[in-house]
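Derivation of every value follows stated rules applied to the coordinates shown; laboratory data play no part. In this text the structure is predicted, and so the values were computed from the model without any measurement. Because the Cβ atoms are built from the backbone with ideal geometry, glycine has one as well, and the counts that use them run over all protein chains shown.
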């Protein structure tokens, strides 16, 4: 949800605005869509940038082109979440003929974001993407005002079935795999303690934390996991402090749910291990074991083409590992495993590789990660053997949204997690 809500004047003084124009020809070779540095494809995507001051200059659309705008919670080069989306936007630009793109970065969640989405809409962008959970309600409001513009929201759960759609992927698949590696590392080190630096107490973070723990148990049944909520998506200082706290409490491996590689820096300083997130370059030093990461480009292109052709059906899309829109650093084609994995038991590494292969082939997915038997941290049975969660259970706190109620819901900690559940707001 929202971090501290800055007033619009503060946003105008601190947000950075970058806008880019691009076009490609039919004969141009499209980039692969991997999270490679922007501009790496053979199709040029020129851009200009300006730092916003007291007045935010919303970029103009280009006549005769398909105009796409993106709103980012962090800086476009954060080495994590926002950079992965930015590179997906660049891939769209490089791949789709006669497209024009723009983005506004460092837009805080909350009411101020509504003005940004409304301003982009007034300019006439055809397709507007919001990349953070706390934009959801404000995008929904603006979408009602501009029925001819298509809006795509990331990580939430709302859709109006018309021009406001929701979109996310099963990163729990790759957190589960990373948990298997972390459990193996901790067991090998003789220190069966894992840490997880979570962002906000929302269903997504409980889901990912539980997926980590379920994976850890595959290779280290005796392992436990401590958790710290930091209530921010992007704050390198808070992230470093939380990672230091988890290491000081005895963790051998610490995961992050936030946007920067700060956890890897903390691990290196402590002689411990980290699992970073969102972007492959976040796994930047030898203390990093791996990084579950996103590859947004092909998915953005797929949806943008539907929007352009007026065939897009706004709804709720949730892709699994077989979409090839996610990866596990060190285990995908062309990647080399990190040195911190070299001495792990061969059978553990084989198990990770075999499970990843099944995921990419579509024979193992999120409902297999969350398949019974599962007990929670109090010993209560969450799922019986053979039972599986449903999508509404993965996404929501109880009771769920009207018309989409959950049965099990995502308000429990898996066996081995040692902290209490966060209190739900009324």
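If you restrict to DSSP beta bridges whose two residues both lie in the chain, what percentage is antiparallel, to the nearest 5?
DSSP beta bridges in the chain are roughly 35 percent antiparallel.
Can you give me the Cα centroid spacing of the range 224-284 and the range 176-198 in angstrom? Going from one Cα centre to the other spans 13 Å. Taking a ≥ b ≥ c as the square roots of the eigenvalues of the Cα gyration tensor, the range 60-142 is classed as oblate, since a/c reaches at least 1.5 and a/b does not exceed b/c.
Modelling each spin label as a point 7 Å along the Cα-to-Cβ direction, I'd like the residue 241/residue 333 distance in nm, to one decimal. Modelled inter-label distance: 4.5 nm. Distance distribution note for the range 348-426: the fraction of Cα pairs above 15 angstrom is 65%.
Where only DSSP H runs of four or more residues are counted, the chain gives -10000 deg cm²/dmol as its mean residue ellipticity at 222 nm, each run worth -39500 (n - 2.57).
Solvent-free Debye calculation, one equal scatterer per alpha-carbon of the range 294-426: log10 I(q)/I(0) at 0.19, 0.20 Å⁻¹ equals -1.25, -1.26. Of the labelled figures [x] 36; [y] 26; [z] 41, only one reflects percent of Cα pairs over 35 Å apart as derived from the coordinates, namely [y]. Distance between the modelled labels on residue 353 and residue 285, one decimal in nanometres: 2.9 nm (7 Å Cα→Cβ projection).
Looking at the range 229-337, what % of its DSSP beta bridges pair antiparallel, to the nearest 5?
Here the share of antiparallel DSSP bridges comes out near 35 percent.
The relative contact order of the range 242-359 comes to 18 percent, based on Cα pairs under 8 Å that sit 6 or more residues apart.
Suppose R0 equals 41 Å. What FRET efficiency, 1/(1 + (r/R0)^6) with r the Cβ-Cβ distance, do residue 421 and residue 309 give to the nearest 0.05? Result of the calculation: an efficiency of 0.35. Applying 1/(1 + (r/R0)^6) with R0 = 35 Å to the Cβ-Cβ distance of residue 391 and residue 111 gives a FRET efficiency near 0.75.
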